[in-house]
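Asks: My questions all concern the structure below.
The values are calculated or read from the model by the stated rules, or taken from the named source; none is laboratory data. What you see is a predicted model, and the numbers here were worked out from it, not measured in a lab. Reconstructed Cβ throughout: ideal geometry from the backbone, glycine too, with neighbour counts over all protein chains shown. In case anyone asks, the SASA skips ligands and DNA or RNA and just uses the protein heavy atoms, side chains included. Shrake-Rupley method; radii C 1.70, N 1.55, O 1.52, S 1.80 Å.
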Amino acid sequence: MKVIAESSSTRTEWALIDGATVIEHAYTSGMNPYFQSRREISHSIRLELPEAFFRRRWEHVYFYGAGCATQDKCKTMESSLVAQFKTPVTVNSDLLGAARGLLVHQPGLACILGTGSNSCLYDGKEIIKTVAPLGYVLGDEGSGAYLGKNFIADMLKGLAPKTLVDAFYEKYNVTPPMLMDAVYSNPLPNRALARYSEFLAEHLDNAYVYQLVYAAFMRFFTRNIAAYNYKQQPICFVGSVCMLYRDVLAKAAADFGITIAKAVRNSMPGIIEYHATAPTD
């Protein structure tokens, strides 16, 4: 039996599988080695994951995670997982998890639109081309953090509609200083920004909100997807944002000349299928 985990910066989904059969299933907090130490990650795994995941040593642990894009960060995550599971561990990026989850063994373009954003060209097993996502400060176009950042900035600069701003402050019971603190003093600012971006999904009938979301998706296409030979590939999306705003995403994609082949909230079913049919990978 194997343990498979797929983690964004916000949430981690875990599955204990026997072939393609899920024996145990759980969720814990998101884990990202760019923002968390080895000790913090280990603490989250041990305290939040059900005991069933630790009852014996498993065949292998496959972890796909946000922030696991460099050897150094993968090592941090691997050390934490080995310490908890005492089992061989393979750590890969969340982008490879998205590609395998969306396309399994089929070549194509895989895109993440969640707390952050990313994209890649996948050959049916590995990523063969990608565009640097650059994180929520320099990139992550179209993501929850990107939407939240732009909306909060417009609010604090007095550029967002007053009725919308009033509704936001009433809903979240925050002040401008508290918003600034959530961004500049929070150890996980991308998560805070993504949380606040969910407010936009409730107000898509507002012209300002619709245009903000539409522009964010068009920016994702122009700064990421345009780098690929995208008209020759199936293009698939995974993540909370692509589902929350799927109609706006479909409109932006159509205007960009893209037909979306698939859009799902999470990658886990496809990742399980991938490992069930490629057990030695």
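Asks: Looking at region 1-50, which of the residues that are in contact with a helix residue (DSSP H, G or I) (Cβ under 7 Å, 6 or more places away or on another chain) and in a helix (DSSP H, G or I) is most open to solvent (accessible area, probe 1.4 Å)?
Replies: Arg38
Asks: Among the candidates Val183, Val209, Val174, which residue alone is without any contact (Cβ under 8 Å) to a residue 12 or more places away in the chain, over 23 Å from Glu6 (Cβ atoms) and open to solvent by less than 40 Å² (accessible area, probe 1.4 Å)?
Replies: Within the list Val183, Val209, Val174, the selection yields Val174.
Residue-wise test of (1) more than 20 Å from Val209 (Cβ to Cβ); (2) of a type outside the set (D, E, K, R); (3) in a loop (DSSP other than H, G, I, E, B).
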position	(1), (2), (3)
Gly101	yes, yes, no
Ile128	yes, yes, no
Glu141	no, no, yes
Phe151	no, yes, no
Met155	no, yes, no
Leu164	no, yes, no
Phe168	no, yes, no
Met178	yes, yes, no
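Asks: Could I ask something else about it? Quick one: what pairs do we get from region 258-274, first residue more than 24 Å from Ile225 (Cα to Cα), second part of a loop (DSSP other than H, G, I, E, B) and β-branched (Val, Ile, Thr), C-beta under 8 Å, 6+ apart or different chains?
Replies: Every condition considered, the pairs that remain are Glu273/Val104; Tyr274/Val104.
Asks: If Phe220 satisfies all but one of (1) under 18 Å from the mean Cα position of the chain (by Cα); (2) open to solvent by less than 50 Å² (accessible area, probe 1.4 Å); (3) over 15 Å from Leu147 (Cα atoms), what's the number of the condition it fails?
Replies: (3)
Asks: What helices (runs of 4 or more DSSP H) lie completely within region 186-277 and have 3 or more residues being touching a Leu at 6+ places or on another chain (Cβ under 9 Å) and more than 14 Å from Ile112 (Cα to Cα)?
Replies: Result: 189-201, 207-223.
Asks: Output the residues belonging to region 239-251 that are closer than 20 Å to Leu121 by Cβ and modelled with pLDDT of 95 or more.
Replies: Hit for region 239-251 is Leu249, nothing else.
Asks: Scanning for something more than 30 Å from Val61 (Cβ to Cβ), open to solvent by 30 Å² or more (accessible area, probe 1.4 Å), in contact with a helix residue (DSSP H, G or I) (Cβ under 6 Å, 6 or more places away or on another chain) and free of Cβ contacts under 8 Å to residues at least 40 places away in the same chain, does region 189-203 turn up at least one residue?
Replies: yes
Asks: Now for a separate question. Look through region 51-75, keep the residues that are assigned to a loop (DSSP other than H, G, I, E, B) and open to solvent by less than 90 Å² (accessible area, probe 1.4 Å), and return whichever of them is nearest to Ile17 (Cα to Cα).
Replies: Restricting to residues being assigned to a loop (DSSP other than H, G, I, E, B) and open to solvent by less than 90 Å² (accessible area, probe 1.4 Å), the top hit is Trp58.
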